[in-house]
Amino acid sequence: MFLDQFVNAIGTGVMLGSIYAALALGLAVTFGLLHIPNIAHPAFVVAGAYVVAVGNSYGFDPLLVAVVALVPFYVAGLAFYEFYARLFERRGAADTMNALTLFFGVSLVVETALLMKFGTNQQSVNVAYVGQSLVIGLLSLPYRLLVPALLAPVMIGLLWVYLHFTHAGIAIRAVAHDERALSVSGIDPRWIKRHAFGIAAATAVIAGAALIIVGPVDPFGGRLMIGRAFAVVVLAGMGSLPGTIAAGILIGVSESLVAAFASPSWAPAVAFSILLATLALRPAGLFGVRR
Amino acid sequence: MTAKASVMTAASPRPRAPARLPGNRTLLFTLGALAVLALGGVMTQTLANPYVFFAAFVIVQSVALATGWNVLGGYAGYINFGATAFYGAGAYTAAFLLKAFDASIFLCLPAAALVGGGLGLMMGYMTLRVQGVYFAIGTIALVVMAHTLVLNIDYLGGASGMALMAPEPPAWTGGQVQFVFLVMLGIAVLAVACARWIEISWVGRGFRALRASEEAAECAGVPTFKLKLSACAISGAILAMTGAPLIFYASFIEPETVFGLALALNAIAMPLIGGKRSWPGPIIGAVLLGSVQQAATITISSELNILLVGVVLIGFVAAAPDGILGLIDTLRKGRR
């Protein structure tokens with residue numbers, strides 16, 4: 001009985017953690033690489049989930065909808081970055097406080113707009129595999145967790161390859177490293193940053209699809225995710241993509257163990273406790289370099 | 001490179017640095033504060049409609065909240081998304097004392113301030129090694145942890161909240177609402193006086209140095225560590241004290257409203273709209289936004305209300321980061 005519960009808690013935790021990594025991926029790019037504290041990212045993810053829900057209500061597969069919606073989200077990300085950059089980066093040093101307040105306001109507007117358009121009802125999707133489970137011995141893996149959990153490694157793998165083996169990807173890593181050196185070598189850092197922000201925004205719709213396959217989503221679902229997403233990015237070490245998935249799984253497993261053996265009502269505090277502990281004890285994260 | 005740049009920003013002369021002569025102005029300020037208190041007292045004796053006090057309580061609470069937030073956020077430049085963690089800690093401290101010991105509100109206020117100050121110190125310690133963004137995220141974490149903690153304590157009513165009857169108010173105030181309104185007015189005046197003292201004393205200069213550049217301040221011999229902790233503690237104490245009268249005002253307390261978004265948003269939006277560099281800013285912002293919201297919750301939906309505040313907030317961050325006071329400053333300079 002205990003073993004059964006333990007094994008399943010670990011299994012659920014790994015899958016949840018992988019989903020958290022998907023959520024945090026956009027933040028790992030904007031915050032970890034570009035140093036833009038985009039606390040509106042979870043709100044983008046929720047918006048992505050709503051797009052997927054709307055597409056699904058016309059009978060399309062959630063993942064198909066998400067892939068199609070990548071392009072509009074990328075473009076929206078470009079536009080949003082342009083707005084942000086015009087406001088702050090041109091003035092010289094970006095004032096972190098004003099930037100945070102801006103993102104806070106934006107996430108609020110996104111959430112409230114969703115609330116007014118769709119109401120407080122939770123949105124969900126219909127897919128054939130929801131409700132079934134893959135059973136391996138003691139372990140039972142529900143497909144509604146397993147399918148989205150597989151999205152994260154795929155997405156992170158693709159992005160890692162992109163960042164290491166393409167010209168634009170290497171330029172993104174370069175802009176994180178030294179912006180001035182990049183402009184000396186003849187590449188416009190603004191263009192690269194805008195492109196990276198667009199990619200980060202595009203990951204939000206995939207993460208949104210993952211989120212809504214797991215369970216119903218309401219407009220303020222992003223609120224709890226802010227902590228998890230930042231906890232993942234900080235614990236991983238700024239900008240480390242493979243670290244993102246390890247950190248996500250660590251947090252997911254801790255949460256599901258607490259939920260299984262203490263009480264589910266304590267679970268939301270787990271990610272934040274890990275976040276605060278990381279900030280206090282090891283600000284560079286697990287896989288980050290000390291700066 | 002960055003260190004050099006930040007030293008330069010810190011060293012560049014601030015445009016607005018009038019030679020402050022505390023003597024006269026402090027006298028004026030004290031008289032003004034007393035006048036405000038007296039006016040509140042007169043209002044409770046003359047105005048019959050209790051609704052006025054329900055609304056006025058909320059606006060005065062906003063003033064105290066915005067001022068408390070501004071000590072840390074405006075003066076020291078540490079953005080705090082977790083004003084509700086402190087507010088909630090104060091509110092639940094008072095509720096606990098009322099439930100357990102039937103305590104008077106005048107005992108609850110210092111107790112709440114102590115708890116809030118302690119929480120602020122803890123917050124400061126935990127985020128001591130990190131700056132800026134991490135601090136802000138840490139404050140979000142604090143809210144969720146406080147919220148989760150309260151949800152799991154049955155004695156405090158858990159998720160469903162609890163209703164408590166406040167003890168009888170002194171007879172001369174005319175009623176519970178009038179009494180709590182007066183107490184809140186006192187807290188607000190105290191908060192503003194405290195903020196003003198910080199602003200004109202060496203503590204405020206230290207906070208401004210922190211805001212401009214922590215590295216440069218440290219190099220110049222400013223005790224950044226102590227200042228940061230005291231900013232957290234003072235701000236936390238004021239915010240918690242602001243929360244304490246809630247149970248006496250509403251006779252009911254629940255986690256969703258106490259730790260809710262609307263309060264946290266207001267605590268940030270009000271100083272930002274009014275101007276976060278000096279003490280009148282949060283007052284202007286709180287009175288403006290508070291009155292508009294009081295009117296708006298009656299006439300339009302509360303969702304639209306939040307949306308409106310969000311849009312106004314973005315507008316101010318984008319166009320006038322120093323708020324209404326900053327706008328006035330720029331206009332004056334343009335005329336000269």
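Structural remarks
- The single condition from (1) part of a helix (DSSP H, G or I); (2) modelled with pLDDT under 90; (3) in contact with a helix residue (DSSP H, G or I) (Cβ under 6 Å, 6 or more places away or on another chain) that residue B:225 fails is (3).
- Considering residues of region A:240-282 that are free of Cβ contacts under 8 Å to residues at least 24 places away in the same chain and not in a helix (DSSP H, G or I) only, the residue nearest to the other protein chains (Cβ to nearest Cβ): A:263
- Check on residue A:113, assigned to a helix (DSSP H, G or I), without any contact (Cβ under 8 Å) to a residue 60 or more places away in the chain and closer than 22 Å to residue B:308 by Cα: yes
- Search result, residues across region B:153-172 that are in contact (Cβ under 8 Å) with a residue 12 or more places away in the chain and either within 25 Å of the chain's Cα centre (by Cα) or outside any helix (DSSP H, G or I) (or both): B:156, B:157, B:161, B:162, B:163, B:164, B:165, B:166, B:167
- Just one of the listed residues (A:176, A:181, A:207) is surrounded by 24 or more Cβ atoms within 10 Å (Cβ to Cβ) and assigned to a helix (DSSP H, G or I), namely A:207.
- Looking across region A:18-72, the residues that are in contact (Cβ under 8 Å) with a residue 40 or more places away in the chain and part of a loop (DSSP other than H, G, I, E, B) come down to A:34, A:35, A:36, A:37, A:38, A:39, A:40, A:61.
- Looking only at residues of region B:59-78 that are more than 10 Å from the chain's Cα centre (by Cα) and under 19 Å from residue B:189 (Cβ atoms), we find that the one that is nearest to the other protein chains (Cβ to nearest Cβ) is B:74.
- Sole exception among (1) part of a helix (DSSP H, G or I); (2) touching a residue at least 40 places away in the same chain (Cβ under 8 Å); (3) more than 14 Å from chain B (Cβ to nearest Cβ); (4) not aliphatic (A, V, I, L, M) for residue A:164, by number: (2)
- Residue that is farthest from residue A:120 (Cα to Cα) [pool: residues in region B:297-332 that are at pLDDT 80 or above and away from every other protein chain (no Cβ under 14 Å)]: B:332
- Some residue of region A:65-85 being facing chain B (nearest Cβ under 9 Å), touching a Lys or Arg at 6+ places or on another chain (Cβ under 9 Å) and not acidic (Asp, Glu): no
- Selection count where residues are within 21 Å of residue B:77 (Cα to Cα) and either hydroxyl-bearing (Ser, Thr, Tyr) or free of Cβ contacts under 8 Å to residues at least 24 places away in the same chain (or both), scope region B:303-320: 5
The values are calculated or read from the model by the stated rules, or taken from the named source; none is laboratory data. Every value quoted in this text rests on a predicted model; they were computed, and no experiment measured them. Glycine also receives a Cβ, built like all others from the backbone with ideal geometry; neighbour counts cover every protein chain displayed.
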